[in-house]
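All of the numbers you see were taken from the coordinates with simple rules; none came from a lab. What you see is a predicted model, and the numbers here were worked out from it, not measured in a lab. Positions of Cβ are generated from backbone atoms using ideal geometry, with glycine treated the same way; all protein chains shown enter the neighbour counts.
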Amino acid sequence: MTETGFDVQGFARDIHELLVLSTLREEAKHGYQIALDVEADSNGLFQFRHGTLYPILHRLEEERLIKGSWSRDGGRKKKIYSLTPSGLRHLSGETNRVEEIVSRLIQFLRGPGKATT
Amino acid sequence: MSSTSPRIFLPDLRELEKSLPVPIPDRVRILSELEFDLEELWGRLLAQGLEEEEAKARALEALAPDPGTIRQLGWLHAPIYRRVTLNMRDDRLRIVERSALAAATGGILLLQTLTLLRADLLRNPSPFLFPVLGLGALLVACVLAKVFELWIKGDHRNARGGLGLILGLSGIVLGVAFGGTLVDLVRLAGILERAPEMAGRVIPLWMVRESTLLSVAILLALFGGLVWFVLTQWLTLVASARQEVLGLGRDSGN
């Protein structure tokens, strides 16, 4: 975020990326498991539909924030994603940034002079 | 893959493959990843008590990319060259690519000639050396064009097109050189028949000329043959990976 402008679409994309990174914090998972865990952990608030998960995974992989590796499961090929050290750093830094944005948004919505809880 | 899995999503994957605008190796990886996830989700939904068809529809709704997602995947997996030239008009890009190829071919021809000049091998060359050099430059141009198309541009629409030409040119280069050596040998025999006293001067010259001709031709043919072999093997690997993920027969094209 900058002081002069705020990219809402970019922020939505960042949120999706952070959801994926956060889900991978504990252990490596494959795509569908990531989508299920995001949905379950957010009580259905965040969902990936129409394959929107894959561009996010592939972009994060290209940026080396996650690492994809192939393995065999009962003869079938599956791709497992794990968080990289730079992904973990990115998650931590971006979480702080999102926290600040959300806090400023709440402050704005509640109106001037009312403190955030 | 097929031994343990029903592969019920194959028709959907084949349909999706037609619309995925990415190079074949990336396409295969995307489809493999998607198939595993679809089957896992389908199995989970079945375990929750859904009918097969409903479970399939739900899995596809959740994971199969829609047109917007396909566009995003296409952009993400586009080769760097495509991203850089995205805003260039097609006809203009074609002109730039062809000019670059012509310049590269000219450059190679010049380099070949300079190398031979530096080694003092063009003072009294076989007349067959020039067509060999010309064909060699054409061969290298074909190789450059194919490597550029497959690995830099990521355009696999006519992946095997031009490979036969590379092998054929390699063979022609060798044929011209060996044929030329034979013709030069007949000429040498004619000279020696008329003037046997010139043998001491003419034979060493002939040997230098012909060894230059043959070594240039053999090097060019080896280069062409090796490139043909590597590209053919790579394309076979890519094609079999695609056939495996789409459950296709050996004769299906790219």
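Would you order B:Arg29, B:Arg157, B:Arg209 from fewest to most other beta-carbon atoms within 10 Å of each residue's own beta-carbon?
Numbers: B:Arg29 19, B:Arg157 8, B:Arg209 22.
Least to most surrounded, the residues fall as B:Arg157, B:Arg29, B:Arg209.
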Here the longest stretch of chain A that holds no GluC sites (Glu not before Pro) in a DSSP loop having at most 16 other beta carbon atoms within 10 Å is A:64-117
Label-point gap, in nm, between B:Thr115 and B:Arg160 - each point 7 angstrom along Cα→Cβ: 3.1 nm
Can you give the convex hull volume of the alpha carbon atoms of the protein assembly as shown per residue, in Å³? 213 Å³
Would you compute, from DSSP H runs of 4+ residues alone, the mean residue ellipticity of chain B at 222 nm, taking -39500 (n - 2.57) per run and dividing by the full residue count, rounded to the nearest 500? -26000 deg cm²/dmol
Measuring from the lowest to the highest alpha carbon on each principal axis, how far does the stretch B:59-170 reach, largest first, in angstroms? 74, 28, 23
Most exposed to least, judged by fewest other Cβ atoms within 10 Å, B:Ile166, B:Ile8, B:Ile203, B:Ile172 sort to B:Ile203, B:Ile8, B:Ile172, B:Ile166
How many percent of Cα pairs in the stretch B:146-207 exceed 14 Å? 70 percent
Virtual spin-label span in nm between B:Glu193 and B:Glu244, 7 Å along Cα→Cβ: 6.3 nm
Chain B: relative contact order as a whole-number percent, Cα under 8 Å and 6+ apart: 23 percent
For B:Ile152, A:Ile34, order by how many other beta-carbon atoms lie within 10 Å, fewest first: B:Ile152, A:Ile34
What lysines sit close enough to A:Lys77 to cross-link, taking a C-alpha to C-alpha distance under 24 Å and skipping anything fewer than 8 places away on the same chain? A:Lys29, A:Lys67, B:Lys18, B:Lys56
So what's the gap between the Cα centers of the stretch B:163-218 and the stretch A:88-113, to the nearest angstrom? 80 Å
Multiplying the sequence separation of A:Ser92 and A:Asp73 by 0.36 nm and subtracting their Cα-Cα distance, what value in nm do you get? 3.6 nm
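Quick one, could you list the DSSP H helices from chain A stretching 18 Å or more along their long axis (Cα atoms) with average Kyte-Doolittle hydropathy of -0.5 or above?
Working: long enough: A:8-23 (23 Å, 0.55); A:85-110 (38 Å, -0.34).
Helices meeting the criterion: A:8-23, A:85-110.
In the P(r) worked out for the stretch A:9-110, what percent of Cα pairs fall beyond 19 Å?
On the way: 2351 of 5151 pairs.
For the stretch A:9-110, the fraction of Cα-Cα distances above 19 Å is 46 percent.
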Of every Cα-Cα pair in the stretch B:89-246, the percent that sits beyond 24 Å: 48 percent
Please identify the chymotrypsin sites (Phe, Trp or Tyr not before Pro) of the stretch B:1-77 that satisfy two criteria: DSSP loop assignment and at most 13 other Cβ atoms within 10 Å. Which are they? none
What does the structure give for B:68-75 when I average, per residue, the other chain Cβ atoms found within 10 Å of the residue Cβ? 4
Hydropathy at least 0.5 by Kyte-Doolittle, axial extent at least 24 angstrom from the Cα trace: which helices of chain B, defined as entire DSSP H runs, fit? B:90-118, B:129-147, B:163-194, B:199-246
